[in-house]
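Remarks on the structure that follows.
The values are calculated or read from the model by the stated rules, or taken from the named source; none is laboratory data. This one's a predicted model, so the numbers in the text were calculated from it and none came from an experiment. Glycine gets a Cβ as well: all are built from the backbone with ideal geometry, and neighbour counts include every protein chain shown. Keep in mind that these areas ignore ligands, DNA and RNA; they rest on the heavy atoms of the full protein, side chains included. Shrake-Rupley method; radii C 1.70, N 1.55, O 1.52, S 1.80 Å.
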Amino acid sequence: QNQFSSPSMAWYARSMWGAARWMPACAAAGAVAFGKPLCRNLDTGTDSKPPRILTAADRLPPPSPLHRPLRPQSDPRVDQAFTIRSLPPADRRSGAAVIILPGGNYNNISLRNMHRPIQWLHSMGIAVYVLRYRLRSEMHYWPAQIEDTEEAVRLVKAEAASLGLDPDKIGVWGSSAGGHAASLASSTFTGQLKLAFQILVYPTIDVETPDWYPWIAAEGFPGPEFNTHTHVHPYTAPAFITVSSEDDVCALETNAKPYYDACVRHGVPAKLVVASMGRHGHGMKVEWTEPCEAWLREHGWALPPQDAARL
């Protein structure tokens, strides 16, 4: 008797055959988000994208980043927060630095593609710090994430002058959940911890949206009192805000737009860029990076184009 003779096993065999046939195409389609094909399409025998032509610059190793625990005195088995510092050449620094707060719903953080924003900011002479904050999935409940953000800002400002950076030109970049922490920090950090600017990429602003997956305070998330557009005031850091028109997780109408409107009401310099860039989590797209680059240069946080071109 054939091992697939029973109805259930026959169904299983058909399902596995279908998955095997479609998986390469699905994987190749998914790979578009990461800029290169993950496999070849078995039906056509071709890659989903043309090969990348490497340049001489592609073959140069990047500067080694510096990894440091956020709180060296803490037990790393319990406190897994750390920072990664990456600096442009000493003679090509604008004086500004950006602290990147990655997304991940406060449950996870991926640093896999972090080289892309680092290289982009370095091209403008901007130093970069990446914060791996404590996670809710590790039972570090809110406000652990904003506490780690505050500690990171304190660290960067304390060592800025020794690195040729200006403590008054420290900004923050947050994506998705990281955008929640970044936008809150930009309004609530004061005195020596005040931030100079903020870049918000498909940020979470209203914590109880979308209605099919709200953050619930009883589960360790921020509650509605931390909706960040309600914290905006005249001294909130200038904001560059961007979101895709297809984003249904951190949708324009319930997140980026209310935050932008609050900035406008309080006289905070703000720029909102909305474009068709795909679903939530699209990462870096020219539709927003070009206007953001111009915005950073306009305010003096990035090197002028002629100086940046020599990097």
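Can you give the three extents of the C-alpha atoms in region 105-148 along their principal axes, from longest to shortest, in whole Å?
Result for region 105-148: principal-axis Cα extents of 37, 20, 11 Å.
Over region 213-311, what relative contact order in percent results from Cα pairs under 8 Å that are six or more residues apart?
Values: 105 pairs, mean separation 24.6, N = 99.
RCO, region 213-311: 25 percent.
How do the peptides 91-104, 233-246, 148-161 rank, highest first, by the average count of neighbouring beta carbon atoms within 10 Å per residue? Intermediate results must be reported in sequence, preceding the final value.
Details: 91-104: 22.4, 233-246: 20.0, 148-161: 18.4.
Averaged packing, sorted descending, gives the order 91-104, 233-246, 148-161.
Measuring from centroid to centroid over Cα atoms, what is the spacing of region 261-307 and region 58-130 in Å?
The two parts, judged by their Cα centres, are 20 Å apart.
Can you figure out the FRET efficiency of GLU298 with ASP211, using R₀ = 51 Å and their beta-carbon distance, to the nearest 0.05? Present the calculation step by step, with values, prior to reporting the outcome.
Numbers: r = 37 Å, r/R0 = 0.73.
That pair, GLU298 with ASP211, gives E of 0.85.
Simple spin-label model, 7 Å along Cα-to-Cβ: VAL286 to ARG92 in nm?
About 2.2 nm, to one decimal.
Between VAL264 and VAL78, with labels modelled 7 Å along Cα→Cβ, what's the label distance in nm to one decimal, could you check?
4.8
Starting from the Cα of LYS271, draw a straight line to each of the lysines and keep only those under 16 Å, dropping any in the same chain fewer than 8 residues away.
Counting by Cα, and skipping residues close in sequence, LYS271 has these lysines nearby: LYS257.
Quick one: accessible area per residue over region 74-217, 1.4 Å probe, rounded to a whole number of Å²?
Numbers: 5360 Å² over 144 residues.
Here the per-residue accessible area is 37 Å².
Just check region 249-292 against the gyration tensor rule for me: Cα atoms, a ≥ b ≥ c as the square roots of the eigenvalues, rounded for a/c under 1.5, and otherwise prolate or oblate depending on whether a/b exceeds b/c. Write down the numbers at each step before the final one.
Working: a/c = 3.26, a/b = 1.49, b/c = 2.19.
Oblate is the answer for region 249-292, as a/c is 1.5 or above yet b/c matches or exceeds a/b.
As I understand it, the dipole of region 186-311 uses +1 on the Cβ of Lys and Arg and -1 on the Cβ of Asp and Glu, about the Cα centre. Which of HIS299, GLY281, THR236 lies farthest toward its positive end?
Highest projection toward the positive end goes to HIS299.
Relative contact order (percent) for region 164-283, with alpha-carbon contacts under 8 angstrom and 6 or more residues of separation?
Details: 246 pairs, mean separation 29.6, N = 120.
Contact order relative to length: 25 percent.
Ordered by packing density, taken as the mean number of other Cβ atoms within 10 Å over each peptide's residues, highest first, how do 218-231, 169-182 rank? It would help to have the intermediate numbers written out before the result.
Numbers: 218-231: 17.0, 169-182: 27.3.
Ranking the peptides 218-231, 169-182 by packing returns 169-182, 218-231.
Once you list every other residue whose beta carbon is under 14 Å from the beta carbon of LEU200, what net charge do they have if Lys and Arg are +1 and Asp and Glu are -1? List each step's numbers first, then the result.
On the way: positive: LYS257, LYS271; negative: ASP206, ASP247, ASP261.
With Lys, Arg at +1 and Asp, Glu at -1, the net is -1.
How are the C-alpha pair distances of region 115-179 spread across 5 Å bins, as whole percents from the shortest bin up?
Each 5 Å bin holds this share of Cα pairs: 4, 14, 23, 23, 19, 10, 5, 1.
Taking a ≥ b ≥ c as the square roots of the eigenvalues of the Cα gyration tensor of region 214-265, is the shape rounded (a/c under 1.5), prolate (a/b larger than b/c) or oblate? Numbers along the way, then the final one.
Numbers: a/c = 2.62, a/b = 1.20, b/c = 2.19.
Note, shape of region 214-265 comes out oblate.
Once you put a point 7 Å from the Cα of ARG59 and another 7 Å from the Cα of GLU159, both along the Cβ direction, what distance in nm separates them?
A separation of 3.4 nm, rounded to one decimal place.
For a test of the definition: using alpha carbon positions, the gyration tensor, and the 1.5 limit on a/c, classify region 152-311 as rounded, prolate or oblate. Walk me through the numbers on the way to the answer.
On the way: a/c = 1.89, a/b = 1.31, b/c = 1.44.
Cα axes put region 152-311 in the oblate bin.
Looking at region 74-178, send over the antiparallel percent of its DSSP beta bridges, to the nearest 5. If you can, show how the numbers build up before the last one.
On the way: 5 of 14 bridges.
Antiparallel bridges: around 35 percent, rounded to the nearest 5.
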